[in-house]
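What follows is one structure encoded as structure tokens, with my remarks underneath.
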Amino acid sequence: MRKQLVIGIMNGTSLDGIDFVLTEIHKPLSSKQKPKAKFHAEKNFSFPAEMKSQLARAARHELQVKDLARLHHDLGRFYAECYKKLPPAFKKAKLIGLHGQTVYHEAPRATLQIGESSYLSTVSGKTVISDFRSADLSLGGQGAPIATLFHEKILAGNLKTKSRVAIHNLGGISNLSLISKKGVLLSFDTGPANMLLDLYIQSRTHGETAYDHSGERASKGKIQEPLLRQMLNHTYFKQAPPKSCGREEFGESFLNQFKPNLVNLDLEDALCTLTELTATTIAEAYKRYAKPLPEAIIFCGGGAHNLFLLKRIQAQLPNIKIQTTLDLGWPVSSIEGAAFALLAAYRFWEIPSNYPKTTGAKAPALLGKITKSIR
Ligand SMILES: Nc1ncnc2c1ncn2[C@@H]1O[C@H](COP(=O)(O)OP(=O)(O)O)[C@@H](O)[C@H]1O
Ligand SMILES: [Mg+2]
């Protein structure tokens, strides 16, 4: 089969919900050719409140085995429930790529994505590919980043000889892939994107406001320079890539460390300072590790809706063109889901899809495990 409709499903560290992305994928006809992909549709589902709070607890490593096992199956059933509510166009897909919810990541020792795939396979009658990271770990890799395939093959497309672009995901965490004609040069997590902003506004508004829409509130605040400097002292920002981070580094414990300074601030000033932390650590990551600087940064992920954040990044990197994936026909919230649709197609075609140079694996690997339905 040359052309395939594939559903990719992603729920990231932000716990803002599940993105289902319907993608049309064309198989490369030779190893020299690139695959093609086209965005068809997306649908987002929020987690039921109880499940969200259990997922947050799981991510903080607070659950007992019994509760984690239950959550693994509850989430699996929830994927299947969401599937039933998808618009009819989605049902034409033959294949599903399911990332699952990361609840633990300590690469290369262990990684765990939960959300049992059997329910989705049974309800949809389709083949589901999941557990995309373990095969890379088995070869000594980090199992991350793995959206690199989509970034390079689909988004960076046909670059001119000398050009360099970055694909930059602003989820809970901020991650970049620097790409030239020769392929992926570098890919790593720069630090927080939205996670600290979300946690802070949620705690100050007692859960009423989930995030700072467009960065409007932060844009009304003032940067608290001494606090910003203290936050920038975190050792993670001083490490050279390859490196990856998560809620462990930039979640509740990071905010708690600065709580005495943060609680006394106006909400706007605190958000402004946290936004500046994200913008500065992103700009510094480019200046230190991505020289010569790329001509353009193409942003994706929910943080690409944060216009104030993009403005602050542009202010610190004035010579780089700032774009979003929407300029290429992909809604910013569709990229991670579409990346797992592409990875599922590669597994189905039995083509390796990790990038040993960026994950640190010893060899190429087929990523993902297959769950087939009898229907
Ligand atoms: N309109 C918006 N304005 C500002 N931030 C937004 C907007 N929409 C989404 N976000 C941010 O993006 C986050 C979700 O991004 P996402 O790419 O789904 O991250 P993850 O992969 O971690 O789930 C939200 O929690 C929020 O912080
Ligand atoms: Mg999300």
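All of L178, L186, L120 fail the test of being at pLDDT below 95 and outside any loop (DSSP other than H, G, I, E, B), apart from L186. If the condition is being more than 11 Å from ligand 2 (Cβ to nearest atom), open to solvent by less than 80 Å² (accessible area, probe 1.4 Å) and hydrophobic (A, V, I, L, M, F, W, C), then segment 14-41 contributes F20, V21, L22, I25, A37, F39, A41. Looking only at residues in segment 1-13 that are open to solvent by 10 Å² or more (accessible area, probe 1.4 Å) and away from ligand 1 (no atom under 13 Å from the Cβ), the one that is modelled with the highest pLDDT is L5. Against the test of being within 16 Å of ligand 2 (Cβ to nearest atom) and more than 19 Å from K126 (Cβ to Cβ), the options N44, N11 yield a single qualifying residue, N44. Per this entry, A304 is not counted among residues that are touching a Phe, Trp or Tyr at 6+ places or on another chain (Cβ under 7 Å), closer than 30 Å to I25 by Cβ and part of a helix (DSSP H, G or I).
Restricting attention to segment 201-224 and to residues that are assigned to a loop (DSSP other than H, G, I, E, B) and among the hydroxyl-bearing types (S, T, Y), the residue that is most open to solvent (accessible area, probe 1.4 Å) turns out to be Y211. With respect to the conditions (1) closer than 30 Å to K291 by Cβ; (2) touching a residue at least 40 places away in the same chain (Cβ under 8 Å), S130 falls short on a single one, namely (1). When the residues of segment 54-72 are filtered to those that are at pLDDT 95 or above and either loosely packed, with under 15 Cβ neighbours inside 10 Å or outside the structural domain of Q101 (by TED's automatic domain parsing) (or both), which remaining residue is nearest to ligand 1 (Cβ to nearest atom)? Step by step, filter segment 54-72, then rank; the result is E62. Scanning segment 269-312 for residues that are of a type in the set (V, I, T) and either surrounded by 24 or more Cβ atoms within 10 Å (Cβ to Cβ) or not assigned by TED's automatic domain parsing to the domain that holds L196 (or both) yields T273, T275, T278, I282, I297, I298. Applying the set (1) open to solvent by 10 Å² or more (accessible area, probe 1.4 Å); (2) within 10 Å of ligand 1 (Cβ to nearest atom); (3) aliphatic (A, V, I, L, M) to A193 leaves exactly one unmet item: (1). Filtering segment 26-75 to residues that are among the polar types (S, T, N, Q), touching a residue at least 12 places away in the same chain (Cβ under 8 Å) and not in a loop (DSSP other than H, G, I, E, B) leaves N44, Q54. More than 19 Å from the chain's Cα centre (by Cα), in contact (Cβ under 8 Å) with a residue 24 or more places away in the chain and open to solvent by 10 Å² or more (accessible area, probe 1.4 Å): does that describe Q323? Considered against the rule, which asks whether it is more than 19 Å from the chain's Cα centre (by Cα), in contact (Cβ under 8 Å) with a residue 24 or more places away in the chain and open to solvent by 10 Å² or more (accessible area, probe 1.4 Å), Q323 comes out as no.
Only one entry in D136, D131, D198 is of a type in the set (D, E) and within 16 Å of ligand 1 (Cβ to nearest atom), namely D198.
The values are calculated or read from the model by the stated rules, or taken from the named source; none is laboratory data. Quick caveat: nothing in here was measured; it's all calculated off a predicted structure. Counting neighbours? That spans all protein chains shown, and the Cβs are built from the backbone with ideal geometry, glycine included. For the accessible areas, the whole protein counts, side chains as well, though only heavy atoms, and no ligand, DNA or RNA atoms are used. Shrake-Rupley method; radii C 1.70, N 1.55, O 1.52, S 1.80 Å.
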